[in-house]
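Asks: The structure follows.
Bear in mind that the values in this text are calculations on the coordinates, not laboratory data. Since this is a predicted model, take the numbers as computed values, not measurements. No Cβ is skipped: glycine too gets one built from the backbone with ideal geometry, and neighbour counts run over all protein chains shown.
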Amino acid sequence: MPERTDAPAPIPMTDPRVTRAVELVWREAELLDRKDYVTWNELFTDDGLYVIPVDPTGDDFADTLNMVYDDARMRRMRVTRMTEGYAIAAVDAARTVRTVSRFVPQSASDEEVVLRSAQILIAYKRGNHDIWAGEVLHRIRLSPEGPGGDRITRKVVRLVDSEEAVPAAGFLL
Amino acid sequence: MTDTFHDRSPADLVAEDHVAGRLYTDPGIFEQEIAMIFERTWVWVAHESELPAAGSFKSTHVGRQPVIVTRDRRGALHTLLNRCRHRGASVCEKPQGLANGFTCPYHAWSYGLDGTLRGIPYPDGYEGVVDKGDLSLRKLRTESYGGMVFATFDDDVEPLEDFLGDARLWIDRFMKQGGGYPIKVLGRHRFKFRGNWKIQLENTTDGYHFPIVHRSWMASVDPETADMMSFMTDPAAVTHALGNGHSVMQMVPEHSDLDADDGTEPLQSRFDPLVRELSRTLDPTRVRRLIRAMHGTGFNLNLFPNVSMSAAFFRVLRPISVDETWIEHIAIGVDGPPGVEAVNRERLRIHEHFQGPFGFGTPDDAEGWDRVQRGARGAPEMPILINRGLARETTGPDGRPTSHVTDETGMRAAYAKWKEMMSDA
Ligand code: FES
Ligand SMILES: [Fe+2]
């Protein structure tokens, strides 16, 4: 079942817990555009999941094929891949600029905020601009220590064209 | 002297040991390839597990032409041109599914699963004008071997089994990775690259690039898997031409025939938890067969022109234009009892690790291919070399060459078939 999209009472964007979550999402987006993957990975909890599914409708990720299905171990290896200099796709990666907006808070408590958003990313490489558009879901654990300790426990990027042919990427969504 | 290079016919651009760079960049050659190769020979369209029931269908392409592969009520497979006989609309835009037939959205002509025109709304306007019997969806010849379904526009081409020839043995071997169960499609990655389709065709039989381009993947896997793929200096790892442009590249020769198991090979320790889980419902022999096949078979079977049965997945290419190709990496698993679901889950993870637009392998391949397409625009007459290993090839009893797995024997086989087909009037 996909995450619910018809939350009964809308949560205002001005809710300070939501603001914290949005700030984390924006910080994450900037780290990815800057390709600071080591710092990016620190935003996830140890049990955090990072997923780019092929099927945009489901969330049974374990039993279906995904483009990315990263637990902490895979994410660590992916960061190594993106930074160690062996992967020719990462070495010559597209430059990316992304905006994340159209936030819809799905739930907000003092411990956790679940946030949907739209992400539009342009990747530029060798004269071509590729568009990557998708629905993003962030599940963010709020830290009692304050915003600096907030962490992502789940990030799912559902591309509008996830079932079609997309370019092979040397960057992360 | 005038340069006659640009006047040369495509077939004259291919020699045993090289091809001209123009083969990747000339739109005229691409058009001829579509007509003389993709619309003449057998093109892979489906695995039977994608069409499990009466009414199952799948949309795909033969060359550039859109087709629907269907299974009718009697279980027969059909490949139908996805084009309404009235004014040309596509009759199906779903990638796969179940249907009783196809109704064109434009004026609602309706067709059966075998393409027969069943109904025309307000038919009085056609009285004395058309005969419904003449207006079925165009049907392509469709045949299958070992669950692999192929279609062709050429009604006179040789039977599929003859076209596959000696590749059939390797198709049979490939299917053994089910560990005694049939195999089935688990899912697919799709990606595109800005390059000619033959760059992909070559790559499925290019052992030479592996440790270079896939160093990142190699560095990320467990030592046993890395060791398994260390075929660069293994003399038993060979590529053999199979006729008709097909070839087999045996990277892990001890896994070429998965039934040949003397029991001495230790199972990879990464699968220990999986062994424990499977052992709850399966006997030890079955568990060993399934685990030995976790990485698929030890070879890539390259079938000219559009599919490679690569270790544990199908790699399918679709020519879009002279400098664009779309590729599917189709993950396969075991069609067995509920106890083997854990095998498929692990196979999905292995597939994700290497394949697809964010895998640890595919994007690096795509970068290499992008560079070939860009570089080959320079000096289109200059040769692309496919001569690696030419002096160390041996000829087998079948009269066909074998050489080391890093050699370009498979590419030479594919280009020889290409040359033959492009020479036919
Ligand atoms: S185009 Fe299909 S019914 Fe008219
Ligand atoms: Fe490769």
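Asks: Given charges of +1 on the Cβ of Lys and Arg and -1 on the Cβ of Asp and Glu, with all other atoms neutral, how large is the dipole of the protein assembly as shown about its Cα centre, in debye to the nearest 20?
Replies: In total the dipole reaches around 1060 debye.
Asks: Other chains' Cβ within 10 Å of B:188-200 residues: what's the mean?
Replies: Partner Cβ neighbours, averaged per residue: 3.
Asks: Continuing with the same structure: By its C-alpha gyration tensor, with a ≥ b ≥ c as the square roots of the eigenvalues, how is the stretch B:280-425 shaped: rounded for a/c under 1.5, else prolate for a/b larger than b/c, else oblate?
Replies: Here the stretch B:280-425 falls in the prolate category.
Asks: OK, next. Sorting B:TYR111, A:TYR86 on the 10 Å Cβ count, fewest up front, what's the list?
Replies: A:TYR86, B:TYR111
Asks: Anyone know which of B:THR395, B:THR25, B:THR325 comes out most mobile in the 10 Å Cα GNM of chain B?
Replies: So, out of B:THR395, B:THR25, B:THR325, the one fluctuating most is B:THR395.
Asks: On to the next question. Using 1/(1 + (r/R0)^6) with R0 = 45 angstrom and r between the beta carbons of A:ASP110 and B:ARG276, what's the FRET efficiency to the nearest 0.05?
Replies: Efficiency, rounded to the nearest 0.05: 0.65.
Asks: Take the alpha-carbon centre of the stretch A:142-164, take the same for the stretch B:346-409, and report the distance between them in whole Å.
Replies: A separation of 38 Å, based on Cα centres.
Asks: I need to check one value: relative contact order of the stretch A:16-159, counting alpha carbon pairs closer than 8 Å and at least 6 residues apart, in percent.
Replies: 26 percent
Asks: Count neighbours as other Cβ atoms within 10 Å of each site's Cβ, and list the trypsin sites (Lys or Arg not before Pro) in the stretch B:229-328 that are DSSP loop with at most 10 such neighbours.
Replies: Loop-located and lightly packed - B:ARG280.
Asks: Mind putting a number on the dipole of the stretch A:16-159 about its Cα centre? Charges go on the C-beta only, +1 for Lys and Arg and -1 for Asp and Glu, and I need it in Debye to the nearest 20.
Replies: The calculated dipole for the stretch A:16-159 is roughly 500 debye.
Asks: When A:MET13, A:MET74, B:MET148 are ordered from fewest to most other Cβ atoms inside 10 Å of their Cβ, what list results?
Replies: Least to most surrounded, the residues fall as A:MET13, A:MET74, B:MET148.
Asks: Continuing with this model, one more query. Can you give me the Cα centroid spacing of the stretch B:143-219 and the stretch B:100-114 in angstrom?
Replies: 32 Å
Asks: According to the square roots a ≥ b ≥ c of the eigenvalues of the Cα gyration tensor, what is the shape class of chain A, taking rounded for a/c under 1.5, prolate for a/b larger than b/c otherwise, and oblate for the remainder? Please report the intermediate quantities before stating the final value.
Replies: Details: a/c = 1.62, a/b = 1.40, b/c = 1.15.
Prolate, since a/c reaches 1.5 and a/b exceeds b/c.
Asks: Between B:SER230, B:SER269, B:SER308, where does the largest GNM mean-square fluctuation fall for chain B, given springs only between Cα atoms within less than 10 Å?
Replies: B:SER269
Asks: Hey, another quick one. In nanometres, what is the gap between the two model label sites at A:THR57 and B:ARG349, each 7 Å from Cα along Cα-to-Cβ?
Replies: Reported label-point gap for A:THR57 and B:ARG349 is 2.8 nm.
Asks: Okay, next question. How high is the FRET efficiency from B:GLU420 to A:ARG95, r the C-beta distance, R0 41 Å, rounded to 0.05?
Replies: In this case the efficiency is close to 0.35.
Asks: Let me ask something else. Treating the angle as unsigned and between 0 and 90°, give the value, to the nearest 10°, between the Cα long axis of helix A:16-33 and the longest Cα principal axis of chain A.
Replies: Taking Cα atoms only, the helix is inclined about 0 degrees.
Asks: May I ask for log10 I(q)/I(0) of chain B at q = 0.07, 0.09, 0.11, 0.13 Å⁻¹, from a Debye sum over the Cα atoms as equal point scatterers with solvent left out?
Replies: -0.37, -0.60, -0.88, -1.18
Asks: Please list, in chain and number order, the residues 5+ apart from B:ASN82 or on another chain whose amide H is under 5 Å from its amide H, with Hs placed from the backbone.
Replies: B:VAL67, B:ILE68
Asks: Continuing with the same structure: Expressed as an acute angle from 0 to 90° and rounded to the nearest 10, what is the orientation of the C-alpha long axis of helix A:72-83 relative to the principal long axis of chain A?
Replies: 40 degrees
Asks: How large is ³J(HN,Hα) for each residue in the stretch A:104-119, as worked out from phi by the Karplus curve 6.51 cos²θ - 1.76 cosθ + 1.60 (θ = phi - 60°), to whole Hz, x for Gly and Pro?
Replies: 10, x, 9, 7, 8, 10, 6, 9, 8, 10, 10, 10, 9, 7, 10, 10
Asks: What list of ³J(HN,Hα) couplings, whole Hz, do you get for the stretch B:311-317 from phi and the Karplus terms 6.51, -1.76, 1.60, once you set θ to phi - 60° and write x for glycine and proline?
Replies: Once θ is set to phi - 60°, the couplings for the stretch B:311-317 become 6, 10, 7, 9, 10, 10, 10 Hz.
Asks: Here's something else I'd like to know. Given a 10 angstrom Cα cut-off, can you work out which residue in B:ALA311, B:ALA108, B:ALA413 is the most mobile in a GNM of chain B?
Replies: B:ALA108
Asks: Can you give the mean number of other chain Cβ atoms that lie within 10 Å of the Cβ atoms in peptide B:209-216?
Replies: 3
Asks: Let me ask you something else. Once the dipole of the protein assembly as shown is set up with Lys and Arg at +1 and Asp and Glu at -1 on Cβ about the Cα centre, which of B:THR70, B:GLY179, A:PHE44 lies farthest towards its positive end?
Replies: Going by the Cα projections, it comes out as A:PHE44.
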